[in-house]
Amino acid sequence: MPAIIHRPNHSRFPGAESKPDYRAPHYDCMDLPSALKLILYVPGVDASGVDLTSRGPDLIVTARKTSHLRANWQALHLENVQRDYQLKLRLGLGFDFAALVASLNRGVLTIVLPKSRPASARLPTRQRQVA
């Protein structure tokens, strides 16, 4: 006689796990001589719903949609359409995050992140003859 094993934390449906709150937007990256230009495609997002955060070498872009679709709307994969956007990029410490410029136009978020000058270019130092 086969034994019946009950797993209390096991779901009967394999796709029933909880989905993340955010989805990653499509984006393009352009390396300019003096800056890095990011273009994110975030349809349904208003300028008031965009949040830009920097933590050390990381840039975190969170874009929340202004209006969600109706709850009674029946469509395939609707839960993916209603989720907000979040993009986490590790860019490094060679950028001036304080001088970041962003603009949003018709669902296209453009971020221009200036490169910081190298330490040797910031302060000219006098050379000393050691030997």
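Scanning region 90-113 for residues that are surrounded by fewer than 16 Cβ atoms within 10 Å (Cβ to Cβ) and either outside any loop (DSSP other than H, G, I, E, B) or at pLDDT 95 or above (or both) yields ARG90, ALA98, ALA99, VAL101, ALA102, SER103, ASN105, VAL108, THR110. Restricted to region 38-61, and to residues there that are surrounded by fewer than 13 Cβ atoms within 10 Å (Cβ to Cβ) and within 11 Å of the chain's Cα centre (by Cα), the residue that is farthest from ARG83 (Cα to Cα) is THR53. Close contacts from region 30-43, counting a first residue that is closer than 10 Å to THR110 by Cα and a second that is in a loop (DSSP other than H, G, I, E, B), with Cβ to Cβ under 8 Å and a gap of 6+ residues or different chains, come to LEU40/PRO25; TYR41/PRO25; TYR41/GLY107.
The values are calculated or read from the model by the stated rules, or taken from the named source; none is laboratory data. Computed from a predicted model, the values in this text were never measured in an experiment. Positions of Cβ are generated from backbone atoms using ideal geometry, with glycine treated the same way; all protein chains shown enter the neighbour counts.
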